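Take a look at the structure below.
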Amino acid sequence: MCGIVAYIGKQTAYDIIIKGLKRLEYRGYDSAGVALHNSKSLNVYKKKGKVADLETFIDDKDISGSIGIGHTRWATHGPPNDINSHPHQSGNKDFALVHNGIIENYAVLKEELTQRGHQFLSDTDTEVLIHLIEEIYTNSKKSLTLFEAVRIALNEVIGAYAIVVINKNNPNELIAARKSSPLVVGIGEGEFFLASDATPMVEFTKNVVYLEDGEIAHLSLETGLKIKTVANQEKTPYIHELEMHLETLEKGGFDHFMLKEIYEQPQSIHDSMRGRLRSSKSMVSLGGIKDYEEKIVQAKRLIFVACGTSWHAGLVGEYLFEDLARIPVEVEYASEFRYRNPIINEDDVVIAISQSGETADTLAAIKMAKEKGATIVGICNVVGSSISRLTDCGSYTHAGPEIGVASTKAFTAQVTVLTLMALMIGKKKGTITNQRFNRLLVELESIPEKLESVLTLDSVIKKIASTYKDSSNALYLGRGINFPVALEGALKLKEISYIHAEGYPAAEMKHGPIALIDEEMPVFVIATQDTSYEKVVSNIQEVKARKGKVIAIITKGDKDVKEIADHYMEIPLTDSLLVPLLATVPFQLLSYHVAVMRECNVDQPRNLAKSVTVE
Ligand code: M6R
């Protein structure tokens, strides 16, 4: 979390930084700040609140200069206020720094620096680092460059960081470094960009360098880009070409990114399958895992590691892989997995699922699994992200940038890729008949079209949302492969509308949650026609007998549930393994409309950040 943008070149740095910070606001929006060098002075402006609040604050200030750094914060150490906002400055105000991550040993460093006379203004871990850099630089009596001082300071730091440092005495250099938090360098014509992801630089350059863990970069218009490791080894920058389009970063006429992203799903699912699936040729092929296909086929078990919505996709994956490829699957919260001393061996394949590819817990889990010899497969959306670079192999979801904090199209793209993977491995293993394989390919190909018809339910769903928008609680029920859909529906509602919601396997309701049911309680049920249909109908009857309100997702043409449910949303018939791809979407729309009606900030819900880069 926290977003960093920096610029050095010929344009007005402020304009680029502010625009970039707005693109990175999904990473945190507790406060924002900039440090701008106008060749005479280093001006630091920072404010609690969003980037827009910072802009208002800066309105009458000096924003000139073509070098600067900026930050949008998700608070870790110290509450969101002006003082704790970044950039933080050294005691002598010669240096300013922006930081994403956590300096774990900051308390010890702060104590030592305080004893040596340093005075701190903020509660943050970040301020400690810039004081440490200042001390190392000053003590060297200028025998060290600032770059060297930063490098030496970083050797004393334990924790995660992406940082950029600006120097009041040299308006011609920026120093950046990363460890466990992302940082991208953009290389333009006579200009450089730095940012937590590539979105702030996409309209200026397609040439980017993803800094690796433990690397430190010096950016100067005179000497260019130089990279070393913090252990002082020279590195040659590897330039990647960005495949990102500006229009994908804009709302395109929708009121919110979330709504746009919900509506993009027929296309994003199609993109996830593009070139990978051809039913007419009985073909499924994921090029990114081809070299490891045999390893997966031979795996004694698969372990999915992920967080939040991506963990829900992993649960769907469990049903898919166990059914189609007959490989035992465990689905782990990445955050729990690594602290459990799990038993992992070389026959295990760990599949890490992450939209951002930067989630700290997921990264830490795969590092541990890698050390224990497991093969690591990635399913990421963000190209070039840390997780995608750490894995042995993997498949991108190709859903395009997801900007709304609530994950929508990334989830359905993850499920699509998991389906393709399970089919590919099942076919190779011979655990799926040709007939079923071909039927599923045809069905999967038809999902984007069926999803278009699901999206036409929008006005029906809006009405349902207006009926339940003032609820304090909600229950989501599903069975089998639709249980994770219930979990995902509940997560969507709670994270953007702040209504308490829980997802349960429908049959578990009678073991506790049924006590909550009264005439106030909306119960959302996935009651599509598959093997557990009859049982789900019984569960609905149990809710109705206690005067609960039932809102059901049903298969088009269903009569029984239609009669007993208070409201229903009809989705097209598909294979039961593919229902999650359709059934998730009405719940996304419902949460969206409820949140809008409750006047919540849909794209930037309180306390959340899209990319959770702290453990
Ligand atoms: O980028 P990741 O997929 O690794 O992120 C995992 C979770 O933080 C994320 O899915 C989160 O739960 C979303 N806010 C859900 O909408």
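Scan region 579-600 and give yes if some residue there is of a type in the set (K, R), part of a helix (DSSP H, G or I), away from the ligand (no atom under 16 Å from the Cβ) and out of contact with any Cys (no Cβ under 7 Å at 6 or more places or on another chain), otherwise no. Within region 579-600 (the criterion being of a type in the set (K, R), part of a helix (DSSP H, G or I), away from the ligand (no atom under 16 Å from the Cβ) and out of contact with any Cys (no Cβ under 7 Å at 6 or more places or on another chain)), the answer is no, since none of the residues qualifies.
For region 84-136, name all the residues that are among the aromatic types (F, W, Y) and without any contact (Cβ under 8 Å) to a residue 24 or more places away in the chain.
Within region 84-136, the subset among the aromatic types (F, W, Y) is 95, 106, 120.
Once the filter is applied, which keeps residues that are among the aromatic types (F, W, Y) and without any contact (Cβ under 8 Å) to a residue 24 or more places away in the chain, region 84-136 yields only F120.
Any residue at all in region 360-371 that's touching a Cys at 6+ places or on another chain (Cβ under 7 Å) and either more than 27 Å from R340 (Cα to Cα) or not hydrophobic (A, V, I, L, M, F, W, C) (or both)? Scanning region 360-371 turns up at least one residue that is touching a Cys at 6+ places or on another chain (Cβ under 7 Å) and either more than 27 Å from R340 (Cα to Cα) or not hydrophobic (A, V, I, L, M, F, W, C) (or both). Take the conditions (1) in a helix (DSSP H, G or I); (2) within 16 Å of the ligand (Cβ to nearest atom); A609 misses just one of them, which is (1).
Output the residues belonging to region 402-444 that are in contact (Cβ under 8 Å) with a residue 40 or more places away in the chain, within 23 Å of V377 (Cα to Cα) and of a type in the set (G, A, S). Across region 402-444, the qualifying residues are S407, A410, A413, A422, G426.
So which of A352, A325, A369 is crowded, with 20+ Cβ neighbours inside 10 Å, farther than 21 Å from P580 by Cα and not assigned by TED's automatic domain parsing to the domain that holds D575? Spell out how you get there, then give the answer.
On the way: A352 fails: farther than 21 Å from P580 by Cα; A325 fails: farther than 21 Å from P580 by Cα.
Residue meeting the stated conditions: A369.
For P572, indicate whether it is closer than 30 Å to E534 by Cα and either over 18 Å from the mean Cα position of the chain (by Cα) or not acidic (D, E) (or both). So P572 passes the test.
Surrounded by fewer than 17 Cβ atoms within 10 Å (Cβ to Cβ) and under 22 Å from K409 (Cα atoms), is that true of Y498? Full working, then the answer.
Numbers: surrounded by fewer than 17 Cβ atoms within 10 Å (Cβ to Cβ): yes; under 22 Å from K409 (Cα atoms): yes.
Considered against the rule, which asks whether it is surrounded by fewer than 17 Cβ atoms within 10 Å (Cβ to Cβ) and under 22 Å from K409 (Cα atoms), Y498 comes out as yes.
In the set (1) modelled with pLDDT of 95 or more; (2) more than 21 Å from the chain's Cα centre (by Cα), E332 fails one condition alone, (2).
Find the strands (runs of 3 or more DSSP E) located wholly in region 328-439 whose residues include 1 or more that are near the ligand (Cβ under 10 Å from one of its atoms), and list them. Can you show your working first?
On the way: elements: 329-333, 348-354, 375-380, 393-396.
In region 328-439, 348-354, 375-380 are the strands (runs of 3 or more DSSP E) which contain 1 or more residues that are near the ligand (Cβ under 10 Å from one of its atoms).
In this structure, V561 does satisfy being in contact (Cβ under 8 Å) with a residue 24 or more places away in the chain and in contact with a strand residue (DSSP E or B) (Cβ under 7 Å, 6 or more places away or on another chain). The selection criterion, being under 18 Å from L491 (Cβ atoms) and either outside the structural domain of K610 (by TED's automatic domain parsing) or not hydrophobic (A, V, I, L, M, F, W, C) (or both), holds for V415. In region 234-314, counting only helices (runs of 4 or more DSSP H) that sit wholly within it, the ones holding 2 or more residues that are surrounded by 20 or more Cβ atoms within 10 Å (Cβ to Cβ) span 257-263, 265-273. Residue pairs whose Cβ atoms lie under 9 Å apart, sitting 6 or more positions apart in sequence or on different chains, and linking a residue in region 379-400 that is touching a residue at least 40 places away in the same chain (Cβ under 8 Å) and charged (D, E, K, R) to a partner that is within 11 Å of the ligand (Cβ to nearest atom) and part of a loop (DSSP other than H, G, I, E, B), are R389/G357.
The values are calculated or read from the model by the stated rules, or taken from the named source; none is laboratory data. This one's a predicted model, so the numbers in the text were calculated from it and none came from an experiment. Cβ sites come from the backbone with ideal geometry, for glycine too, and all protein chains shown count toward neighbours.
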